[in-house]
1. I'd like to know if the range 87-98 contains one or more residues that are β-branched (Val, Ile, Thr), crowded, with 17+ Cβ neighbours inside 10 Å, outside any helix (DSSP H, G or I) and at pLDDT below 90.
2. Checking the condition more than 25 Å from Ser183 (Cα to Cα) and among the aromatic types (Phe, Trp, Tyr), which residue from Tyr7, Tyr40 passes?
3. Could you say which residue among Ser130, Ser136 is closer than 22 Å to Lys99 by Cβ, modelled with pLDDT of 85 or more, of a type in the set (S, T, N, Q) and crowded, with 17+ Cβ neighbours inside 10 Å?
4. In a loop (DSSP other than H, G, I, E, B), at pLDDT 90 or above and under 30 Å from Thr163 (Cα atoms), is that true of Leu71?
5. Of the residues that make up the range 21-33, is at least one crowded, with 17+ Cβ neighbours inside 10 Å, touching a residue at least 24 places away in the same chain (Cβ under 8 Å) and β-branched (Val, Ile, Thr)?
6. Could you list, in sequence order, the residues of the range 13-65 that are out of contact with any Lys or Arg (no Cβ under 6 Å at 6 or more places or on another chain), among the small types (Gly, Ala, Ser) and assigned to a loop (DSSP other than H, G, I, E, B)?
7. State which residue is modelled with the lowest pLDDT when the search covers only the range 143-158 and only residues that are touching a helix residue (DSSP H, G or I) at 6+ places or on another chain (Cβ under 8 Å) and over 15 Å from Asn176 (Cβ atoms).
8. If you take the residues of the range 15-58 that are of a type in the set (Phe, Trp, Tyr) and farther than 25 Å from Leu134 by Cα, which of them is nearest to the chain's Cα centre (by Cα)?
Amino acid sequence: MNGQYIYLLVLLSFLVLIFFLQKKYQLLADSGTNSIKKAYSLSRTQLVWWSFIVLSTIVAIVIGSGKLPKLTESTLVLLGIGALTTISSRLTDISDDKKAAGNGTTAQISRNDSTGNFLLDILSDNEGVSIHRLQSVVFNLIFGVWFMYKVMIEIKGISPCITGVNNMIPNFDKSNLIMMGISSGTYIALKTTENAHLSLPITKPDTQTTNTVADTNC
């Protein structure tokens, strides 16, 4: 079978699996108090996106050639960026949960509000669609599509007799990896401010003043 058909079938199979896991277990959903419909998470989507691309590539090469390819350093870095982004995002969420629990403002956590729209959820913070989230989505989308395009070209003539399967996995330039790291770092840094209002002291109504006014009116 043509290697490109194998790759497309593997991509489709993993895509169906992701849809199933999202439907059944909310794989791409953020942590939150809304148990019925949680908002989609940008960091989890990024990690799943690159895992989907890399795993599909490995499986397609193994099926087509019977050989296990060696991942490039840049591919490992991309997976690492996705993993660190998810970990940092989760740590920020835990910190926000603790602040909200202490102030009794759990309902004010921005990620607890789902728009019901995938793109709006991953692009929006507590003030709406944000440029740093948009930048991260665009960069990951462009790099991911380019990765799959390069694999699609290289895998065309794959067979059990072919050598050099390692060359079928694209290699990113260091400057591109730095740009991806900066984009993810900016997202995490600004994510820590999305629920900054949880740290503000809660102002309680002055009951003494209220009662004085009420007595005067009487």
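1. Step one: filter the range 87-98 for residues β-branched (Val, Ile, Thr), giving 87, 92, 94.
Narrowing further to those that are crowded, with 17+ Cβ neighbours inside 10 Å: 92.
Subsequent filtering for residues that are outside any helix (DSSP H, G or I) retains none.
No, every residue in the range 87-98 fails to be β-branched (Val, Ile, Thr), crowded, with 17+ Cβ neighbours inside 10 Å, outside any helix (DSSP H, G or I) and at pLDDT below 90.
2. Values: Tyr40 fails: more than 25 Å from Ser183 (Cα to Cα).
Answer to the check: Tyr7.
3. Answer to the check: Ser130.
4. Spelling it out, Leu71 is indeed in a loop (DSSP other than H, G, I, E, B), at pLDDT 90 or above and under 30 Å from Thr163 (Cα atoms).
5. So far as the range 21-33 goes, no, none of its residues is crowded, with 17+ Cβ neighbours inside 10 Å, touching a residue at least 24 places away in the same chain (Cβ under 8 Å) and β-branched (Val, Ile, Thr).
6. Ser31, Ser35, Ser41
7. In the first step, residues of the range 143-158 are kept if they are touching a helix residue (DSSP H, G or I) at 6+ places or on another chain (Cβ under 8 Å); the result is 143-144, 147-148, 151-152, 154-158.
Narrowing further to those that are over 15 Å from Asn176 (Cβ atoms): 148, 151-152, 154-158.
Numbers: Met148: 97, Val151: 96, Met152: 96, Glu154: 93, Ile155: 95, Lys156: 91, Gly157: 86, Ile158: 92.
Of everything passing the filter in the range 143-158, Gly157 is modelled with the lowest pLDDT.
8. Tyr25
The values are calculated or read from the model by the stated rules, or taken from the named source; none is laboratory data. Computed from a predicted structure; not experimentally measured. Backbone-built Cβ (ideal geometry, glycine too); neighbour counts: all protein chains shown.
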